[in-house]
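Asks: I'd like to ask you about the structure that follows.
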Amino acid sequence: MKFAIFGNCHSSTKSKNITSLFVSLAKRGDTYVIDHAFHAFLKENYPDIDINNEIIYDDNFTADVVISYGGDGTLLRTAARVGDKAYPILGINAGRLGFLTTISSDEIEQTIDNLHNGRYRIEERNLIEVRSQESKINSYPYALNEIAVMKHDSSSMMTLEATFNGCDSIIYQADGLIVSSPSGSTGYSLSVGGPIIAPDANVMVLTPIASHSLNARPIVVNDDTEIAIKVNSRSHNFLIAIDGRHESCPENTLLKIRKAHYKIRLIHNEHDSFIQNLRNKMMLGADSRM
C-alpha cells in the first residue's frame, strides 16, 4: 500500500507519536511519499526517524491513502492538496478536538492494521466553492469547512447582501458572514451561534458574525442553491477566508458560492459515528447529575 503523508509543522510536542506511524508502515512493507515541509520538520525534530523517501514538492503525487497528521487545520490544508484526485484521507488527530481528524494518535498501529484488513469505512464530504468575475480569487477556491466574508480591520460593521439563486435576498448588518458546509458546521460557524449539521446532509449554512440586528439568524439552505454575496464597507474592501486561507477583495467584488463538483473522502474507524464523536468531544447531551 502506498501512502502520501502530510503533517503539522508547528509543534513538535503534538507529533510525539509520529515514530509509531513510520514503524507501522515499515512493519507491513508499505511505501510512502512525504510532503517537503513536513519532511524538513521531522528531520529537525525527530532525526532518528529514517524518512529518506520520495518528497512531495507540489500537488502531483499518487497514493492509495493520504495521511494527515495533526489537527483539523492540517486536514483542511491536506484536502486542498488532494483536490479532486479522490484519494481517501486518513486524519490522525494530534491536535485538540478534531471533528475531521477522528483517529487518535494512540491508535496508529491498530488503524494501519485495519486499513490492510479492510476494517474501515469511507465517508464522502461535500465541499463548497467561491467564484468572482470582478476580482480574481488567488487562493484555492474550494472549502471543506467554510467560506467566511469578514471586515478587513477593526472598522465599523459591514452590510452584506446575500441573494439566493438570483431571486430572494437577505441583508445582514454584521462583522461578517460565514457560508459553511455540513463539515464546517462544527467549526467557525458553531462558534458564532450556527447549528450543528450532520455531515451527510445536503445543505449549506449561512451564519452572521457579530450581527448588529437581533432578527438576524443562521439559515440553512439546500446545497443546490447559488449564494451571491455583495459587500458594502467603509474601508471599501473586505477579507475572504477559504478554510482559513485569507485574501483581500475590493468592495465591488461579487462573490458567488455553490457546492463544488467533487467530494473529499475521509477514512473513519469501522464503528465511528458523528453523534458518538459529538458526545465524546463536546460532551453533547451529557448530564453531570447522572
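The values are calculated or read from the model by the stated rules, or taken from the named source; none is laboratory data. Note that this is a predicted model, so its numbers are computed, not measured. Reconstructed Cβ throughout: ideal geometry from the backbone, glycine too, with neighbour counts over all protein chains shown.
Asks: Of the conditions (1) more than 21 Å from G73 (Cβ to Cβ); (2) of a type in the set (A, V, I, L, M, F, W, C); (3) surrounded by 15 or more Cβ atoms within 10 Å (Cβ to Cβ); (4) not assigned by TED's automatic domain parsing to the domain that holds C167, L278 fails just one. Which one is it?
Replies: Condition (1) is where L278 drops out.
Asks: With touching a Leu at 6+ places or on another chain (Cβ under 8 Å), in contact (Cβ under 8 Å) with a residue 40 or more places away in the chain and more than 20 Å from Y262 (Cβ to Cβ) as the only criterion, which of M150, M158 stands out?
Replies: Going through M150, M158 in turn, the sole match is M150.
Asks: Quick one: in the stretch 125-137, of everything that is among the basic types (K, R) and over 17 Å from V205 (Cβ atoms), which residue is surrounded by the most Cβ atoms within 10 Å (Cβ to Cβ)?
Replies: Step by step, filter the stretch 125-137, then rank; the result is R131.
Asks: Tell me whether the stretch 163-183 contains one or more residues that are in the same structural domain as I227 (by TED's automatic domain parsing), under 18 Å from H268 (Cα atoms) and not acidic (D, E).
Replies: Yes, the stretch 163-183 contains at least one residue that is in the same structural domain as I227 (by TED's automatic domain parsing), under 18 Å from H268 (Cα atoms) and not acidic (D, E).
Asks: OK, next. Would you check if D72 is charged (D, E, K, R) and modelled with pLDDT under 95?
Replies: Spelling it out, D72 is indeed charged (D, E, K, R) and modelled with pLDDT under 95.
Asks: Any chance the stretch 239-246 includes a residue that's over 15 Å from I137 (Cα atoms) and crowded, with 18+ Cβ neighbours inside 10 Å?
Replies: No - not one qualifying residue is present in the stretch 239-246.
Asks: Look through N222, N202, N215 and report the one residue that is in contact with an Asp or Glu (Cβ under 6 Å, 6 or more places away or on another chain), surrounded by fewer than 17 Cβ atoms within 10 Å (Cβ to Cβ) and not aliphatic (A, V, I, L, M).
Replies: So the residue among N222, N202, N215 that is in contact with an Asp or Glu (Cβ under 6 Å, 6 or more places away or on another chain), surrounded by fewer than 17 Cβ atoms within 10 Å (Cβ to Cβ) and not aliphatic (A, V, I, L, M) is N202.
Asks: At least 3 residues that are touching a His at 6+ places or on another chain (Cβ under 8 Å) and under 24 Å from S191 (Cβ atoms) in each: list the strands (runs of 3 or more DSSP E) lying fully within the stretch 209-276 that qualify.
Replies: In the stretch 209-276, the matching strands (runs of 3 or more DSSP E) lie at 237-242.
Asks: OK, next. Only residues that are in contact with a Pro (Cβ under 8 Å, 6 or more places away or on another chain) and either outside any strand (DSSP E or B) or among the aromatic types (F, W, Y) (or both): list them for the stretch 101-137, please.
Replies: Those that are in contact with a Pro (Cβ under 8 Å, 6 or more places away or on another chain) and either outside any strand (DSSP E or B) or among the aromatic types (F, W, Y) (or both): E134, S135.
Asks: Sticking with this structure for a sec: Hey, among the residues in the stretch 138-197 that are aromatic (F, W, Y) and outside any loop (DSSP other than H, G, I, E, B), which one's surrounded by the most Cβ atoms within 10 Å (Cβ to Cβ)?
Replies: Y172
Asks: Something else: Just checking, which of I55, I49, I108, I122 is crowded, with 21+ Cβ neighbours inside 10 Å and either more than 14 Å from the chain's Cα centre (by Cα) or not hydroxyl-bearing (S, T, Y) (or both)?
Replies: I108
Asks: Considering N53, N17, N60, N45, which residue is within 15 Å of V82 (Cβ to Cβ), assigned by TED's automatic domain parsing to the domain that holds R96 and modelled with pLDDT under 95?
Replies: Criteria check complete, one pass: N60.
Asks: Next question. Applying the selection to the stretch 67-89, what residues are more than 13 Å from the chain's Cα centre (by Cα) and under 18 Å from L127 (Cα atoms)?
Replies: Answer for the stretch 67-89, where residues must be more than 13 Å from the chain's Cα centre (by Cα) and under 18 Å from L127 (Cα atoms): D84, K85, A86, Y87, P88.
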